[in-house]
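A short worksheet on the structure shown next.
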Amino acid sequence: MIIRKLCMRQGRQLLALSRRAPVSSRFQSTLPETPVETLQASIRDEISRPENPLLEMVQAQYEASTPAQQEFTSDEPHRSNFKKLGTTVKSSYDPEDVIRNPPKPSQISLEMLLAAGTHLGHSTSRWNPQNSRYIFGIREGVHIISLDVTAAHLRRAAKVVEEVAARGGLILFAGTRKGQKRAVVKAASLAKGYHIFERWIPGSLTNGEQILGHCETKVVNALDEELPNFKADLADRPSLKPDLVVCLNPLENVVLLHECGLNNVPTIGVIDTDADPTRVTYPIPSNDDSLRATCLIAGILGRAGEAGQVRRLKMAQEGRTSYTPITAQELRLDPFTGMAPGGEGQKK
Amino acid sequence: MAWHKPTSLAQAMQSLRLTSTLTKPSSQASRTTLNTLRTRTYATEAESVPAAAAPEINFGAFSQKPARIIPSSPSYFSGSPRFIDHVLQLEALQAKHASLPTVATSEAPRMAWFKLAQFRDFVGEPVPMKKYKSLVKILQRLNRIQPDMVPVEVRDTLAAFLRPGNPYAVENVPRTVDENGRARGKGKRKESSAVVQLVEGEGEVLVNGKSLVEAFKRVHDRESALWALRCTQRLDKYNAWITVRGGGVTGQAEAITLALGRALLLHEPGLKPILRKAGAITVDARRVERKKPGHVKARKMPTWVKR
């Protein structure tokens, strides 16, 4: 904007401007000797950025430990002591506990399930009548799932997970709701399985070549040690398929369950009163909207998988396997034709 | 079996060639070590006896037999396992070191993380922008840990996500008046762009080799061209040599205003508040809006016709 006729239009502002006249008169061009201290220069001096942060970081690694670090670590006992002061609260509920240290399948009790709220179903109007055998009754217009049925189905599912793990199967834990990520990752790490906590990409099983083709695989021995010698044989293999899928929210993962059905992959699913129990192989009738309930179920199944893995590795230590291992000969053959690679070319 | 592979076969042959004799029973081996101890000299030359090679690989052993083909990563079925593994690792680090004191974002060391394309090359997966941004958020949170308290593992992890080179090392040099006392300023308005060379002098102005009156017929344009000098009462203290290109008369005049204001700032930085208030160094970024298809002009729609 260009302001013209300054005196006429903005006389008042001009007066205000002239009050600060000493500032502007300092900068007369007729006095070039007077050093002009600019604000910019002073700021530039103050903020001196490290030249190369990467280099600095590498250098800092070689310093043993900084005084601040020593101080922080020396204060640690004080801090932990301070936290212990006061009353000790017993038998309190820690929401992190079920994720950090999930219970074993042998510890399943109706009290535990009740506390986690697995018995709460949906409003009676939303029910799927196929679930009637799991339903205990109606309370305030909400279906109540029978806890003993839940416990029985959960134990059965835990057994299935354990046996699949003991036979070296790939177990996929899928929980794509917002808060289920940590529980799913924890369960997968316990059971040495695999996890999905974001969207299931449709076609990962039916069109695996395209979607999982670039993901790395490896050949392991019975002790789960990688055998790098066989890396070249993995080049033209079809993508892997899970041997068991545990789905914590079957209602949102219709595509996953459909693909599992097409590929003959057994599934375990948390079935609420509004879900279709025939979509999964092993239903666990339970509340699937409570994070506490689904985290508990995921944790228990993870522990079951852990037990199965321990059993399998113990057998492997003795030199036995409970499954038919893939042979080097099979690895060498073309997985699609069953012929030796390049065999046809030699015949011609 | 792996022995059908050329590399392993060559290794086996190598081991055969190097070991002159097969491995002996343990009693014999102990006797030989005793012998060597007795005959040992203190000469500095290397011993002629080569070290015994490692035993042959037993390909028939249980631990060498393949058993299963499994995914390398627990995130295999997500379709982008390497990215998700990175995210999980960073989240674990963040949770582990959550109690460490932090500094404000402005005080944290400035880090040049991977650009999206570089990160895609780094993980080798087509990561969407939104997901990469969430990863960078975790990186920035880890970077905010008080600089002298950052654990080594955090340093190492963060360093892995830095793009090569250091873009922040290059500091732009502030413009100054050159050795001949000339200040150079550039300005743009509408389609015009102007370059002003400003030296101390008696108030002579040349626009494209012409005098100001020849270049601008309207008084208004002349006034706006020299507005920066006029509002600071410096009309008789500087000579300006101006080149202006493109656009119309008004655009050229106001491009000169901006260029002149910027050049004057190099001579007298203290004039900045006055020039700012007078509008001489304020950029007018408005340009002619493009014509769109289906419109008569930029926004005008064709007249509605009933049929």
Directionally averaged shadow of region B:79-160, computed from the convex hull of its alpha-carbon atoms, nm²: 5.3
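Other chains near A:318-329: what is the mean number of their Cβ atoms within 10 Å of each residue's Cβ? Present the calculation step by step, with values, prior to reporting the outcome.
Working: counts 1, 3, 1, 4, 0, 2, 1, 5, 5, 4, 8, 2.
So the per-residue partner count for this stretch is 3.
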Inter-label distance for A:S80 and B:E202, nm, one decimal - labels placed 7 Å from Cα along Cα-to-Cβ: 8.6
³J(HN,Hα) computed for each position of region A:213-226 - Karplus, 6.51 cos²θ - 1.76 cosθ + 1.60, integer Hz, glycine/proline x: x, 8, 6, 6, 10, 8, 9, 10, 8, 5, 8, 6, 9, 6
For B:V207, B:V173, order by how many other beta-carbon atoms lie within 10 Å, fewest first: B:V173, B:V207
Cα pair distances of region A:233-348 binned at 10 Å [whole percent]: 11, 28, 27, 21, 10, 3, 0
Zone residues, region A:185-223, relative to A:M112, backbone N less than 20 Å from point 7 Å out along Cα-to-Cβ: A:185-193
Under 15 Å, Cβ to Cβ, from A:N263 - net charge with Lys/Arg +1 and Asp/Glu -1: -1
Residues A:E225 and B:S48, FRET efficiency given R0 of 45 Å [Cβ-Cβ distance, rounded to 0.05]: 0.75
Placed amide H near A:F136: partners under 5 Å, 5+ positions off or other chain: A:I144, A:I145, A:S146
Partner lysines for A:K178 [C-alpha distance under 30 Å; skip if fewer than 8 residues away on the same chain]: A:K104, A:K159, A:K186, A:K192, A:K241, B:K96, B:K115, B:K130, B:K131, B:K133, B:K137
Spatial separation of Cα centroids for region A:216-231 and region A:106-149, in angstrom: 44
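In nm, what is the difference between 0.36 nm times the number of residues separating B:N180 and B:K297 and their Cα-Cα distance?
Working: separation 117, 0.36 × 117 = 42.12 nm, distance 4.89 nm.
37.2 nm is the gain from fully extending B:N180 to B:K297.
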Within 10 Å of each Cβ in A:218-230, the average number of Cβ atoms from other chains: 5
Distant-in-sequence amide H partners of A:C247 (H built 1.01 Å from N, under 5 Å): A:A174, A:I268, A:G269, A:V270
Relative contact order [Cα under 8 Å, 6+ residues apart], region B:79-160, whole percent: 46
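Counting partner chain Cβ atoms within 10 Å of every residue's Cβ in B:154-167, what's the average? Working shown, then result.
Values: counts 1, 5, 3, 0, 3, 5, 0, 0, 4, 1, 1, 2, 6, 0.
Across the residues of B:154-167, the mean count of other-chain Cβ atoms within 10 Å is 2.
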Unit charges at the beta carbon, dipole of region A:65-118: most positive-side option, A:V98, A:S109, A:Q69: A:S109
Set of region B:111-146 residues, backbone N closer than 20 Å to the point 7 Å along the Cα-Cβ line of B:Y168: B:111-119, B:133-146
Note, ³J(HN,Hα) from phi for region B:238-249, Karplus 6.51, -1.76, 1.60, rounded to Hz, x at Gly and Pro: 9, 9, 10, 10, 10, 10, 9, 9, x, x, x, 5
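Determine the gain in length on full extension of the stretch A:K178-A:T337; use 0.36 nm per residue of separation and subtract their C-alpha separation, reporting nm with one decimal.
Details: separation 159, 0.36 × 159 = 57.24 nm, distance 4.31 nm.
52.9 nm is the gain from fully extending A:K178 to A:T337.
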Under-5 Å amide H pairs with A:Y194, H placed in peptide plane, nonlocal only: A:I171, A:L172, A:F173
Relative contact order computed over region B:183-278 (Cα-Cα under 8 Å; 6+ residues apart), in percent: 43
Cα gyration tensor category, rounded, prolate or oblate, for region B:132-290 with a/c compared to 1.5: prolate
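Bear in mind these aren't lab numbers, they're just calculated from the coordinates by the rules spelled out. Remember, predicted model here, so these are calculated numbers, not experimental data. Because the Cβ atoms are built from the backbone with ideal geometry, glycine has one as well, and the counts that use them run over all protein chains shown.
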